[in-house]
Amino acid sequence: MNIWEISRILYREILFRSVAQTNVRKRPKDIVKAIDSQMWANKIILALFLSILPFFVATKPTVSNCFAFLAILLFNFVFFFLQTVTTFFSDAFDILHTLPLSPKEVSKVRMLTFLRIFDIPLIAVTIATPLAFGIFVSPISAFWSLLGAVTSELFAITMVVSLARLFYSKVAYSTGGWKTILRMFYMIAWSVSAFFFYFFAFVIEKISNLNFDFRGLNFVFPICFGYLMSGNFSYTALIFSLAYLSMAVFSFRKTLSAINERIVPSSSKAGEVRIKVTHPVIGIFKKDLRLISRCPAHTMMLFLPIIFGIVYATISVSFAIPMVLFTIILVVFTSYGIEREYVKVLPIDFWTLTAGKTLLSVLVYLSAIFCVSVFSRSLNTIGFAQIPSVIAVSVFVSLIMEKLNVRGNVYLEVSHLIFILLPALVIVYTPLLVGLIAKATLKTDMTTISFTMGTIELLTVIGIAKIKKVRTLES
């Protein structure tokens, strides 16, 4: 068996470990095959999105559009591969030391396995970006777009490895007393840093609509590349672009040396075991919080509505609530997949499990709306009026996921997410739209109308769920 084949097996092992919720009724071989297929599909979807995007940017190659593309490119690489890269630093490679492989061959296997994580999107973007700018702009712009894309990709890989190492060594396993507080601090800092470049691109895009002059910022990455890609040459942008490219290459080389190091997670001595009896709903809620705080993907998803709410509240409050409602669906979808296969074997009925999951989703939503109110400096009553629709979508997602036997992994079950997302969006947006229409036509209070419509939705969804449960018991 050659090194390339060994790296393929280890890559599938990492994919398997990165999915905490698996279908235990299937054979492990079938589970790994299904996960492998899902990851290939997700990579192709990401590659298509990031390959089509530069063609849209190249048709209108402004400075802000060009560097916003590079920032979005960096964010997407960090967001989609963070969970898998974090698993890469576990003990999946320990088995290599039992094989007749030299240290150099073990290092090559780790390197190939690591590159397999990024392969399709990395190759697709590197080819599509200069091609788009070469067709629509100029050969010189194509050259700088290639260097800009490579720089973003190298920084993204460095960033995702650094975040994964930090999470695995400092965040995921720190427990007890002050270490729990420290772990929460790491979680917040880790999540915010992962979203930084996406929101940087978003803010810059809004500023560009105000005809903001970026010449004073052409030493900042990726603004410097935006100047060169758009044909607005300046020596400052040239010098700093080459400097950032050198930094990216240097950091990537350090990253390659770091991937051969196994990270030993910080641990603490086992304390006294305490058993505290609590209400099942509260128990499910606490269990989910603890598991979420130890999973990179789930941690990022938990903070998603809050961070989106803060950023959009500072830009446009009218977009803040719709974005929070959209992201809360992802939280609901993820929460129902947490250790679902283990919960199913426990004597917990549907409504108790749904109540525990809904409690988590509602608290995340309320935290996001509170942040929107604080940063917009006004009490967002229309956001609080959407609570019934948030509860309704939680019950709906619970019912559908139980019916379809979905694991609830946003990263590996994109097809199931899309299937659930469309009706879920109808549920959360209908009260908002009805309230807006009523306010425009009847001059009535939007908050009251939205709250009433959401309550009607909630009662309807609960009624459908009860009917489904009764029919299931009868059959």
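How many residues does the range 384-408 contain that are under 16 Å from PRO322 (Cα atoms) and modelled with pLDDT under 85?
0
LEU432 is checked against (1) crowded, with 17+ Cβ neighbours inside 10 Å; (2) outside any helix (DSSP H, G or I) and fails just one. What number does that condition carry?
(2)
Report yes if some residue within the range 220-233 is of a type in the set (S, T, N, Q), in contact (Cβ under 8 Å) with a residue 40 or more places away in the chain, part of a helix (DSSP H, G or I) and out of contact with any Leu (no Cβ under 6 Å at 6 or more places or on another chain); otherwise report no.
Taking the range 220-233 as the starting set, the residues that turn out to be of a type in the set (S, T, N, Q) are 230, 232.
Those still in the list that are in contact (Cβ under 8 Å) with a residue 40 or more places away in the chain too: 230, 232.
Retained after the next criterion (residues that are part of a helix (DSSP H, G or I)): none.
Taking every residue of the range 220-233 in turn, none turns out to be of a type in the set (S, T, N, Q), in contact (Cβ under 8 Å) with a residue 40 or more places away in the chain, part of a helix (DSSP H, G or I) and out of contact with any Leu (no Cβ under 6 Å at 6 or more places or on another chain).
Being at pLDDT below 80 and in a helix (DSSP H, G or I) is the requirement here; does PHE451 meet it?
no
State yes or no: is PRO54 assigned to a helix (DSSP H, G or I), of a type outside the set (Lys, Arg), at pLDDT 85 or above and buried (at least 16 other Cβ atoms within 10 Å of the Cβ)?
So PRO54 passes the test.
So, of the residues in the range 418-429 that are surrounded by 15 or more Cβ atoms within 10 Å (Cβ to Cβ) and β-branched (Val, Ile, Thr), which turns out to be nearest to THR327 (Cα to Cα)?
Checking each candidate, the answer is VAL428.
Considering only the range 128-139, state which residues are over 13 Å from PHE67 (Cα atoms), touching a helix residue (DSSP H, G or I) at 6+ places or on another chain (Cβ under 8 Å) and not aromatic (Phe, Trp, Tyr).
Answer for the range 128-139, where residues must be over 13 Å from PHE67 (Cα atoms), touching a helix residue (DSSP H, G or I) at 6+ places or on another chain (Cβ under 8 Å) and not aromatic (Phe, Trp, Tyr): ALA128, PRO130, LEU131, ALA132, GLY134, ILE135, VAL137.
Condition check: at pLDDT 85 or above and more than 30 Å from ARG8 (Cα to Cα). Does ILE123 satisfy that?
Answer is no for this residue.
Working only within the range 434-454, note down all residues that are hydroxyl-bearing (Ser, Thr, Tyr) and without any contact (Cβ under 8 Å) to a residue 40 or more places away in the chain.
Listed by number, the residues that qualify are THR441, THR444, THR452.
Just to be sure before I move on: is SER64 at pLDDT 85 or above, closer than 24 Å to LEU245 by Cβ and among the hydroxyl-bearing types (Ser, Thr, Tyr) in the structure I sent?
Spelling it out, it is not the case that SER64 is at pLDDT 85 or above, closer than 24 Å to LEU245 by Cβ and among the hydroxyl-bearing types (Ser, Thr, Tyr).
Name the residue that is surrounded by the most Cβ atoms within 10 Å (Cβ to Cβ), counting only residues in the range 305-321 that are of a type in the set (Gly, Ala, Ser) and part of a helix (DSSP H, G or I). Quick ask: steps written out before the conclusion?
Residues of the range 305-321 that are of a type in the set (Gly, Ala, Ser), as a first pass: 309, 313, 316, 318, 320.
Checking the rest, the ones that are also part of a helix (DSSP H, G or I) come to 309, 313, 318, 320.
On the way: GLY309: 30, ALA313: 26, SER318: 10, ALA320: 26.
Among them, the one singled out is GLY309.
Of the residues that make up the range 428-447, is at least one modelled with pLDDT under 90 and within 23 Å of the chain's Cα centre (by Cα)?
yes
Exactly one of (1) part of a loop (DSSP other than H, G, I, E, B); (2) modelled with pLDDT of 80 or more; (3) charged (D, E, K, R) is unmet by GLU457. Its number?
Checking GLU457 against (1) part of a loop (DSSP other than H, G, I, E, B); (2) modelled with pLDDT of 80 or more; (3) charged (D, E, K, R), the one that fails is (1).
Going by the structure shown, is LEU48 surrounded by 22 or more Cβ atoms within 10 Å (Cβ to Cβ) and at pLDDT 85 or above?
When the stated conditions are applied, LEU48 does not pass them.
The values are calculated or read from the model by the stated rules, or taken from the named source; none is laboratory data. Treat the numbers as computed from the prediction; the structure is a model and nothing was measured. All Cβ positions, even for glycine, are placed from backbone atoms using ideal geometry, and neighbour counts span all protein chains on display.
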